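Enquirer: Below is a structure I'd like to ask you about.
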Amino acid sequence: MEFFDSHSHYNDEKFDEDRDKIIEETYKSGITKIVCAGYNIKSSLMSLELSKKNEFIYSICGISPNDIPQSEQELWKDIAEITKIVTQNKNKKLVAIGEIGLDYYWNKENKELQKQAFIKQIGLANKLNLPIVIHSRDASIDTIDIIKNYKVNKTGIFHCCQPNQEMVRQALELGYYISFAGPITFKNAKNSIDVVKMVPIEKILIETDSPYLSPEPNRGKRNDCRNVKFVAQKIADLKEISIEEVAKITYENTMKIFGI
Ligand SMILES: [Zn+2]
């Protein structure tokens, strides 16, 4: 059985001590493809570097809503920089622009700048003919509004999807994929479970979002890509199919949306 972890952060400093070892163990344990997601300039550069060094790692680059600079001027500087980086490094292993989007849970004060950064980076994805990976937290209405008004040619993925049925319904209608992470395994995950049930398996991706959000039974510990199996098992239980099927179908879905 092989798994594709569609979203992780081996570029995070929490892996500085043992990154190479964890990467090796990840592959050995059957996680034979992973995406390493950037969220600002530095982490995007590192995700590119990891994808160049490791055959099975793919990269995505972008400025996340939680990494928006204070001023508009600085934001444009960062956007120009990320544009330069992805244009210069455009290769088969750079598979999307992300993670990008809106986060009104952590940042309520700069909604306008978040929106501008999101829209600008949608433009970048379209220019490079890439899909996007969306981070949306407590911002479902504005997120849907933006992807409706600024159409992404290759669509994309709602990563670590929040259990918001209306948002998911609209995302599916617009042709997006839905990626589930550790929280669907948590004991209080009633809403998430309803959302998993409403998404057809052909539209589901699995991820860890490591080093955060470790699934049960490893909740609270540092997460790594090997734990994606627990997310797959939960989906198998909810969909009443085998974990082998979940592994295979989500693998194919991920290859398809990222054009691998
Ligand atoms: Zn992430």
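Enquirer: Tell me which residues come under 5 Å, amide H to amide H, from Y212 once H is placed; ignore anything under 5 positions away on its chain.
Expert: HN-HN under 5 Å from Y212: N223.
Enquirer: Specify which residue in the list V195, T87, Q114 is farthest towards the positive end of the charge dipole of the stretch 3-257, using unit charges on the beta carbon of Lys, Arg (+1) and Asp, Glu (-1), about the Cα centre.
Expert: Of the listed residues, the answer is T87.
Enquirer: Counting other C-beta atoms within 10 Å, which of T143, T87 has the fewest, and how do the rest follow?
Expert: Listing T143, T87 from fewest to most nearby Cβ atoms yields T87, T143.
Enquirer: Mind putting together the pair-distance distribution for the stretch 3-257? All Cα pairs, 5 Å bins, whole percent per bin, short to long.
Expert: Bin by bin from 0 Å, the calculated values are 1, 7, 15, 19, 21, 18, 12, 6, 2, 0, 0.
Enquirer: Hey, another quick one. Please identify every one of the trypsin sites (Lys or Arg not before Pro) in the stretch 84-186 that sits in a loop by DSSP and has no more than 13 other beta carbons within 10 Å of its own beta carbon. Show your work: numbers first, answer last.
Expert: Values: sites: K84, K90, K92, K93, K108, K111, K115, K120, K127, R137, K148, K151, K154, R169; in loops: K90, K92, K93, K108, K151, K154.
The qualifying sites are K90, K92, K108, K151.
Enquirer: Right, something else. Is there a quick way to get the dipole size of the chain? I mean about its Cα centre, with the Cβ of Lys and Arg at +1 and of Asp and Glu at -1; what is the value in debye to the nearest 20?
Expert: Values: 36 positive and 37 negative charges, 99 e Å.
Rounded to the nearest 20 debye, it is 480 debye.
Enquirer: Please list the non-local residues whose amide H lies under 5 Å from the amide H of F3, H modeled 1.01 Å from N, same-chain partners needing a gap of 5 or more.
Expert: I31, T32, K33
Enquirer: Return the sequence-ordered ³J(HN,Hα) values of the stretch 241-248 in whole Hz as given by the Karplus equation 6.51 cos²θ - 1.76 cosθ + 1.60 applied to θ = phi - 60°, using x for Gly and Pro.
Expert: Going residue by residue, I get 10, 7, 5, 4, 5, 4, 4, 5 Hz, with x marking Gly and Pro.
Enquirer: Let me ask something else. Under 5 Å between amide hydrogens, which residues at least 5 positions from S64 or on another chain qualify, with H placed 1.01 Å from N in the peptide plane?
Expert: Amide H neighbours of S64: N40.
Enquirer: Right, another one. Kindly write out, for the stretch 8-25 in residue order, the coupling ³J(HN,Hα) from the Karplus curve 6.51 cos²θ - 1.76 cosθ + 1.60 (θ = phi - 60°), rounded to whole Hz, with x marking Gly and Pro.
Expert: With coefficients 6.51, -1.76 and 1.60, one gets 8, 10, 6, 7, 6, 4, 5, 9, 4, 6, 9, 3, 4, 5, 5, 4, 5, 5 Hz.
Enquirer: Where the centroid of each part is defined by its Cα atoms, how far is the stretch 14-40 from the stretch 161-214 in Å?
Expert: For the stretch 14-40 versus the stretch 161-214, the Cα centre distance is 22 Å.
Enquirer: What would the Debye formula give as log10 I(q)/I(0) at q = 0.26 Å⁻¹ for the alpha-carbon point model of the stretch 189-260, no solvent?
Expert: These q points yield log10 I(q)/I(0) values of -1.26.
Enquirer: Hey, another quick one. Give a residue-ordered list of calculated ³J(HN,Hα) values for the stretch 228-237 (Karplus: 6.51 cos²θ - 1.76 cosθ + 1.60, θ = phi - 60°; whole Hz; x for Gly, Pro).
Expert: Ordered by residue, 3J(HN,Hα) equals 4, 4, 6, 5, 4, 4, 5, 5, 4, 4 Hz.
Enquirer: Stokes-Einstein D for the stretch 1-146 at 37 °C, 0.692 mPa s, Kirkwood Rh over Cα pairs, in µm²/s?
Expert: So the translational diffusion coefficient is about 210 µm²/s.
Enquirer: Sticking with this one: Based on alpha-carbon centroids, what's the gap between the stretch 97-124 and the stretch 224-260 in Å, whole number please?
Expert: 28
Enquirer: Give the order of T185, T26 when sorted by the count of other beta carbons within 10 angstrom, beginning with the fewest.
Expert: Taking fewest neighbouring Cβ atoms as first place, the list is T185, T26.
Since every read-out is calculated from the coordinates, none of them should be taken as a lab result. Just so we're clear, the structure is a prediction, and the values are computed from it rather than from any experiment. Note: ideal-geometry Cβ built from the backbone for every residue, glycine included; neighbour counts use all protein chains shown.
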